[in-house]
Amino acid sequence: MAATSGDSVGKANPIAWLYALCVYGSLVVWCLLLIGAEDVRTVPYAALMTMGLIGFWRYAWLSLHAMRALTYIRGHFPLYRQAAEAHKHSLSLNEYPSVGFIVPCYRMPPVIFRRVFSFLLAEAYSYPGAVTIIAAVTTQEEASWIHTLFSHYAKHKLTLRCDVFVQTGTGKRDAMADALTRMKQYGPVDRVILMDGDTVILPGTLEKLVGFFETQPDLGAITVDNRPLCIKNHRLIQAWYSLRMIQRHWLMASMSVSKRLLVLTGRFSMFRGSLAFEEGFLQAIASDSLHHWRHGRLTMLTGDDKSTWFYTLKQGWSMLYIPDVACLSLEDPVSPHFLTNARLLMTRWFGNMLRHSDPALALGPKHMPFFVWWCLLDQRLSPWTTLIGPTSALFLGMAYHTTLISFYLLWVLISRTIWAVILTLVRGPFHPYFPALLFFGQVYGAVIKIHTTFRLHRQRWTRQRIDTPTETKEQQWVAILLETASYLAFVLGVALISEFLVIRL
């Protein structure tokens, strides 16, 4: 598998375009036939206005993020880059900051494992400063392979160090904590990078990151763009990964205007060394936990990137997204079935987000820019506000006229197509599956978030086959009853609000 910058990742072939054209075209024709089959004038104008008003909030919020993202990419970041480059050019070769890598790697397919460490060692060798790599691998054979490759580079660079050990298999957090403890023994390191074992470091990455910490004394951590590449030939899953990373690009850029992020992604994030070596930082990785009103103390199994993010946020450090630096994430789908893969990954991602949002919200807007605090609050509200559109369309369609459902489906297709085009103007390429995947991600993702909200104790690492203890029957029924009650209250609220707006309008 050849290296790539990720620019071609997610490009659609002619078959995908033809398939999407047939599906979208059929949907348009079907909706137009339904609309034309009845007298459109019988559709209550107030009902159409109600559907538009209910959806206005989400699009206003998305538009705000888009404007902030463009402000950062076109305005703020070029100034940060200019200052960083000026500082880098003033350095001599022996003044480059030292860098330490923490790389947990468990049961990775050989094609991923060898690609990751081949590029990592090549990049460490080409970087002018000292580099220390601490890798936690699965077997002694993997450790021997890395040491053999390392020996070829170590002969020509004395400041390159590599420490590889076989992890215990008790979880990613334990492996990362052990690796960070080992790195401390090597002495001070200016920058510490936490990265996953399926992340490929592209050539020149480290030099592009020099200067940001030096020119911004309050900067605690940075993260970079992610370009996904599915190692198995599954076009729909590849398109879904690509869309998620494009959305991530925009959100990270938007949050960077406030110099705070919502997560320090485990794929690749760089921390100030003095921060990463604090005992609290190590404990955040090794033994993070929260108190849940139903389940008591929950030890964090997944979400190490959220733990390091929260510690950085709590300590008052700023964070930045570097949009012109990318790493390549080699995705090995959890399941070959799209829905199963999406469900398992969304459950883990959203569970991590929900488990850590309450402590972050509790810090209050005095501890962070108000916009960042409001975004954390919106994460808890967004599952419900996302479902308002389809729920109100279904309710109004059944209550007044089924043509309203056709109007809504047309609106979904048109609006998601426009939004997908906007997303890919800055960070492409466009894929014909994006409009459908946008709607799928919003609605299905909202359902997964709501389902997970009532089951925060459930955590699982699929690759390591580590999960939380089985819950009791009572816990299962309590979760079901609470979730059902919340849906009933939501549907009743949407129905009453829709009816009120129709009457008023």
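A short reminder: the numbers here are calculations on the coordinates, not readings from a lab. All of these numbers come straight from a predicted model, not from anything done at the bench. Heads up, the Cβs are rebuilt from the backbone with ideal geometry, glycines too, and the neighbour counts pull from every protein chain shown.
In table form, for the structure just shown:
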read-out	value
Highest-first arrangement of 359-370, 203-214, 91-102, where packing means the average Cβ count within 10 Å	203-214, 91-102, 359-370
Integer Hz, Karplus 6.51/-1.76/1.60 couplings in order for the stretch 431-448, x for Gly and Pro	10, x, 7, 4, x, 5, 5, 4, 5, 4, x, 5, 6, 5, x, 5, 5, 5
Cβ charges +1 (Lys, Arg) and -1 (Asp, Glu), total dipole of the stretch 356-505, debye	400
Surrounding net charge for F212, when Lys and Arg each add one and Asp and Glu each subtract one, Cβ distance under 13 Å	0
Total charge dipole magnitude, the stretch 106-160, about the Cα centre, Cβ charges on Lys, Arg, Asp, Glu only, Debye to nearest 20	80
Charge dipole (the stretch 339-449, unit charges on Cβ, about Cα centre) - positive-most of L339, T417, G397	L339
Value at 222 nm in deg cm²/dmol, rounded to 500, when DSSP H runs of n ≥ 4 in the chain each add -39,500 (n - 2.57)	-19500 deg cm²/dmol
Relative contact order (percent, whole number), the stretch 76-142, Cα cutoff 8 Å, 6+ residue spacing	46
Net length gained if the chain between R107 and Q315 were fully extended (0.36 nm per residue, minus Cα distance)	71.5 nm
Entries in K314/K449; K314/K366; K184/K208; K88/K155 that, when Cα-Cα distance is taken, lie over 21 Å	K314/K449; K184/K208; K88/K155
Top positive-direction residue, dipole computed over the chain with Cβ charges, set S26, T170, W317	S26
Ranked W411, W57, criterion: other C-beta atoms within 10 Å, fewest first	W57, W411
Pair S289, S335: separation of 7 Å Cα→Cβ label points (nm)	3.2
Rough spin-label spacing in nm, given labels placed 7 Å along Cα→Cβ, for L158 and V426	4.6
Gain on full stretching of the segment that runs from D190 to F56 - 0.36 nm per residue minus C-alpha separation	43.6 nm
Helix axis angle, 14-36 relative to the chain longest principal axis, alpha carbon, degrees	20
Added length on full extension, which subtracts the Cα-Cα distance from 0.36 nm per residue, D358 to I15	119.0 nm
Residue among M368, V426, W349 farthest towards the positive dipole end of the stretch 330-438, charges placed on Cβ	M368
Peptides ranked, highest mean first, by Cβ atoms within 10 Å: ranges 77-90, 393-406	393-406, 77-90
FRET efficiency, C22 to T139 (Cβ-Cβ, R0 45 Å, nearest 0.05)	0.40
On Cα atoms only, tilt of 77-89 relative to the major axis of the chain in degrees	10
Rounded to the nearest 20 debye, dipole of the stretch 271-351 from Cβ charges on Lys, Arg, Asp, Glu	400
Residues L394 and L496, FRET efficiency given R0 of 22 Å [Cβ-Cβ distance, rounded to 0.05]	0.90
Cα convex hull of the chain - mean projected area over all directions, nm²	25.1
Among 476-486, 281-291, the order from most to least packed when residues are scored by Cβ within 10 Å on average	281-291, 476-486
Considering only the chain, percent of DSSP beta bridges that pair antiparallel, nearest 5	35
Acute angle (nearest 10 degrees) that the helix 370-399 long axis makes with the longest principal axis of the chain, alpha-carbon atoms	30
